[in-house]
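Here is the structure we will look at.
The values are calculated or read from the model by the stated rules, or taken from the named source; none is laboratory data. Keep in mind the model is a prediction, meaning the values are calculated, not measured. As a convention, Cβ positions derive from the backbone with ideal geometry for all residues, glycine included, and neighbour counts pool all protein chains shown. Side chains are part of the model used for accessible areas, which takes the heavy atoms of the whole protein and leaves out ligands, DNA and RNA. Shrake-Rupley method; radii C 1.70, N 1.55, O 1.52, S 1.80 Å.
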Amino acid sequence: MDWKREIALIMLGIIISSCAVIKFTDNITNFQHYYYDTKGTREERVFYENRVHFSFTNSEKLDQVIKKLKEQNGICNVILKGNVEIIPEHDFAVASYSSIPMLTEHDNSIGTTPAQVEDGTIVLSYGSLCSLEGSRTPDPGDGIIVTYGEEPPKSSYTVFYSCNELFPMAGSSYRIVAENFNFEENLLSQNDFMELDRAGRLSDVELIYIYNDDFSGTQMAQAEELIRSVKPYESTYREQPDNTLSVSDYLDFMSNLILGVILAVLNALFIYQSVLKRRIPSYAVLKLLGLKNFQLRAVILLEMLLLFSCSFIVSIVLFLLYCSASGQLIYNLRYSIGYSFGLLLLIYVLLSLIMTIRLVKKQPFEAYSANK
């Protein structure tokens, strides 16, 4: 076989293995998106998964429970949650947070979601409004209180509201400070939430605390006992993470890609080994002329470095073209390229040096005779 064709085949094997490893490492960087059914950030995972729920018949004494829970180490948020029958046979989820978290880099809302909701105001949930759209709002004569000089609420519910509009709910009107696209509940102050409960407007009252990752089982038991000592609860449960993909499933999913990497590496090295064997007479002559063993290893290593570097650059270009044409997502290209380059370079260099150990150790005439 012509030496140029052999070099081309070696480079082809390196290119295939490089593309596969880049894709593999890129998927690893995004493994959390596969493993957890969340939006990915640590704050979101804690917010949605690290929850313990307690159900109650009413909100009496829950303000005392909240105060004590906020003093516990490892508890980062406490939520009061319930449903208001805003129109007949339609529950409207409302909640009060001890502190409203910022789940995204930017405030994902119309207006600005405050860190604390003030009395008489509301942060609407876009998700809740979607199911309410088109329903008639109560008339002022139905018991809605409208302050003199304020524009009355709309005659029907919509999915979008402006700041400072009035929102009618449960016999009162609340000034809108924001409409949020992240939260499932409509946010009220703690006082307004408990006032709704005292008026008999709330059902399915829940207290939920959110804990940090280092919150221990002992601390969880202490928190449960603390709640029971102030106000007995009806039932409790801990949120269970919804793992959409286990580690074994991920490895099964990537096994074909791993197999392709191994075969491509072995193919490239097999061809390279045949190239080295064809060069044994040349290496024997160089050793007769005084070339040292370490110098011969350096020459072979330099050749492998050049072949690998050129092939890896080509593989990056081909990988980007493939992703662009197929619509494949690239999660962290810089990370993937860096780790792929280091991993494959180490593999190819080590295996190429191992293949040359016997070749370099042989005396010139011994190597030449063994190749004839």
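Sort ASP26, ASP91, ASP197 by accessible area with a 1.4 Å probe, largest first.
Numbers: ASP26 0, ASP91 90, ASP197 25 Å².
Descending accessible area places them as ASP91, ASP197, ASP26.
The heavy atoms of ARG175 offer some 90 square angstrom of accessible surface to a 1.4 angstrom probe.
Taken along the Cα-to-beta-carbon direction at a fixed 7 Å, the label points for TYR237 and LEU305 span 6.1 nm.
Rolling a 1.4 Å probe across all protein chains gives ASP204 an accessible area of roughly 100 Å². In the assembled protein chains, THR218 presents an accessible area of approximately 90 Å² (probe radius 1.4 Å). Rounded, prolate or oblate: which fits region 264-308, taking a ≥ b ≥ c as square roots of the Cα gyration tensor eigenvalues, rounded meaning a/c under 1.5, else prolate when a/b beats b/c? Oblate, since a/c reaches 1.5 and b/c is not below a/b.
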